[in-house]
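One structure is given here, and the rest of the page talks about it.
The values are calculated or read from the model by the stated rules, or taken from the named source; none is laboratory data. This structure is a prediction, so every number in the text was calculated from the model and none was measured. Because the Cβ atoms are built from the backbone with ideal geometry, glycine has one as well, and the counts that use them run over all protein chains shown.
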Amino acid sequence: MKLIAGVDIGNSTTEVCIGSVEENGSLRFLSGASRMTTGTKGTLPNVLGIKAALEEAMDRIRMPLSSLSLIRLNEAAPVIGDTAMETITETIITESSMIGHNPSTPAGAGEAVGELIFLENIWKGKPGVPYIVAVESKFSYEEAAARLNQRIPELDICGLILQADEAVLVENRLSREIPIVDEVRHIRKIPEGKRAAIEVALPGTSIRMLSNPYGIATLLELTPEETRMVTPIAKSLIGKRSAVVIKTPNGNVRENVLPAGEITFNGEKNVTISIDRGADEIMDALYSAGEIRDIEGEPRTNVGNMLTRIRTGMADVSGASGADVRITDILAVDTLAPVEVSGSLAGETCMEKAVGIAAMVKTQQLPMRQIAERLSHDLHVETMVAGVEAVMASLGALTTPGTQLPIAILDMGGGSTDAALLLPDGTVRTTHQAGAGELVSMLIQTELGLESRVTAEQIKKYPMGKVESLFHMRLENGAMRFFEESIDPRYFGHVVLLAPGEMLRIEEDIPMERILEVRRDAKQKVFVRNAIRALTHVAPDHDLRKIPNVVLVGGSAEDFEIPEMLMQALAEYRIVCGRGNIRGTEGPRNAVATGLVMSYLGSRR
Amino acid sequence: MVVSKPAIIIYTSDPDPDLLREICAGIEEEGVLYQISSHEGDLDTLAYEAAAESMLGSGIGLCGQRAAMMMQRLPKGKNVFELDHPRFRACRNLGANSARAIKKMPFKPVTGESES
């Protein structure tokens, strides 16, 4: 009896599988384990993670590492993926000409137009002139209300801007009902003496006048030329509960369309396309270029910088010089990113158009042989590099009950989406496509405007719920979940992610419905699209219908909704598609490691 | 028959008037009604009974310079928030939170650096 270990080094996890081979050639699987990959895939630091995973797997069957007869490493696919995001429009508002945000409790309702004046200067006010008064937080709500009440009989005070969160408190003490906007952080930046329009929406609605260019024109009496200039302001105020727009004579508001640049596909044909044509047209251009040799961006433009960044990043990782790194595939996705408006008074954001790009680089052969040498030196076990990753994965996938040849596997990892088709005659066709889990995380992060990538990763991975009382939460599918013990008040009212064993609070105040929409959308945009792209590539005659079985393997196949999404999308083509169940026990994990052990039998003959 | 209004109940025992004012301001800014009455007992009792008495299920106890916020059906002594000699800002947020508990909105921070 011989003990054989298969080791698969992936971008994020290292998986091992242990099998025993009898003299008569029968194979039994004994154990498996998975650990985080240490270091970049295909480099020497991987050895640490491999050893840990091997020890864990051997521990399970109570055998020492030294009883292994052979370790088989995968020939990792020499592709590395990376992602980048670039906004292609930009709103610049100079001279602080607007406030538009969502304070939790503004007061009053309606709109008004008046001249801006600070509370301390209100004694200078003239009767007959409408005023909008700005109040700093150094005045208490009682003092502010008292001072205003004193002047209200003689002055026309028609609106109020507060720095503190005290709109309701001031309103309750005021002798006149006027719209009040509060929580304006940088109130000192308000230009005194300028005309401004203020609007507070009725509860449950958003503002109507100031989010409409003609509404602003009506209130501030703008010329057609000026109206065109305030359009970006109106656009960025859509959906807000309260707003102030200030008329500045040479008010410089522009929406810049950044020189997004062109992208050139060097393939069988050379095709050039401008980034601002959107993701769909970029991808069409990619197809029309045929087999890609390299992809370049126009120098000194956003896309040019973006691709250069990816290229240099990859060069660092792979140790090749920048010129040797060739980008062989990209996946472009349209998105919207909330970007803080430059010159904002209360941290306003504007949804800017952006393109997210995942790129993939084919590198030189990864130094797997060095890893093998180090392992056999350290463990005194014969180690060899055996078999191409995709072939091994197909072999492993065949252990899923209910599969048969020809079989296609779809391996959706962090950096790339790989597909392989194993035909009955033993031939294998493979492809690697840019764009997978990391691009999804990036899309979630930018579209929701999240501080940290970690939160985006977690949103991608876990279902969520909203804590509605200290004893129950409403889950994203509408179901309720009750608790015996009260939930920690820190979670109250928040959207939480249901990670195994703990709840993770989302700091940002975003409705659950919105998070759900963004999450599903990002997964659709990346995974469904890439799955079809990759499978079409390996399918006989590029006809998807000629693939009978698709087995999903790899990390993203463990996701709680991606396999269902793919099943739905592929059902159209009459393909049997589902999450793999390697060896009938392992789920979608461990396909490559299992395949490596199986291939030992073949190599013996 | 005693008809109670939908309000947050505040039970006090020898309260610090400044802290009480700030707590009330916090509730008022959130647009919820409140009722103040003096009551016998320690801080936990005040908060617990205030929450039990409130039709909205949210109550506050204020005992000298110590304040606690409580929600109905939580066991006595397990106050949601508890403050000892707090700053005004913390009191304001404590009041706001008693209202937010009813509105099912996330709480404002009442302790630590980020309470402003």
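Key figures
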{"item": "Residues of segment A:30-45 classified as in a strand (DSSP E or B), surrounded by 14 or more Cβ atoms within 10 Å (Cβ to Cβ), of a type outside the set (K, R) and touching a helix residue (DSSP H, G or I) at 6+ places or on another chain (Cβ under 7 Å), total", "result": "4"}
{"item": "Failed item, numbered, when B:I10 is tested on (1) surrounded by fewer than 24 Cβ atoms within 10 Å (Cβ to Cβ); (2) in a strand (DSSP E or B); (3) in contact with a Cys (Cβ under 8 Å, 6 or more places away or on another chain)", "result": "(1)"}
{"item": "Number of positions in segment A:576-605 that are among the hydrophobic types (A, V, I, L, M, F, W, C) and either in contact with a Leu (Cβ under 7 Å, 6 or more places away or on another chain) or over 26 Å from A:K546 (Cβ atoms) (or both)", "result": "6"}
{"item": "Residues (over 15 Å from A:F492 (Cα atoms) and in contact with a helix residue (DSSP H, G or I) (Cβ under 8 Å, 6 or more places away or on another chain)) located in segment B:60-72", "result": "B:I60, B:G61, B:L62, B:C63, B:Q65, B:R66, B:A67, B:A68"}
{"item": "Test: residue in segment A:122-132 that is of a type in the set (F, W, Y) and within 14 Å of chain B (Cβ to nearest Cβ)", "result": "no"}
{"item": "Residue in segment A:414-430 that is among the aliphatic types (A, V, I, L, M), in a helix (DSSP H, G or I), crowded, with 19+ Cβ neighbours inside 10 Å and touching a helix residue (DSSP H, G or I) at 6+ places or on another chain (Cβ under 8 Å) present", "result": "no"}
{"item": "Top-ranked residue in segment A:151-188 [being in a strand (DSSP E or B) and of a type in the set (V, I, T); ranked as nearest to the other protein chains (Cβ to nearest Cβ)]", "result": "A:I180"}
{"item": "Which listed residue is closer than 30 Å to B:A99 by Cα, at pLDDT below 90, touching a helix residue (DSSP H, G or I) at 6+ places or on another chain (Cβ under 9 Å) and more than 14 Å from chain B (Cβ to nearest Cβ), from A:G100, A:G81", "result": "A:G100"}
{"item": "Residues that are in contact with a helix residue (DSSP H, G or I) (Cβ under 8 Å, 6 or more places away or on another chain) and among the hydrophobic types (A, V, I, L, M, F, W, C), drawn from segment A:1-29", "result": "A:L3, A:I4, A:A5, A:V7, A:I9, A:V16, A:C17, A:I18, A:V21, A:L27, A:F29"}
{"item": "Any chance B:A47 is farther than 30 Å from A:G204 by Cα, part of a helix (DSSP H, G or I) and within 14 Å of chain A (Cβ to nearest Cβ)", "result": "yes"}
{"item": "Boolean, A:L450 is crowded, with 18+ Cβ neighbours inside 10 Å and more than 12 Å from chain B (Cβ to nearest Cβ)", "result": "yes"}
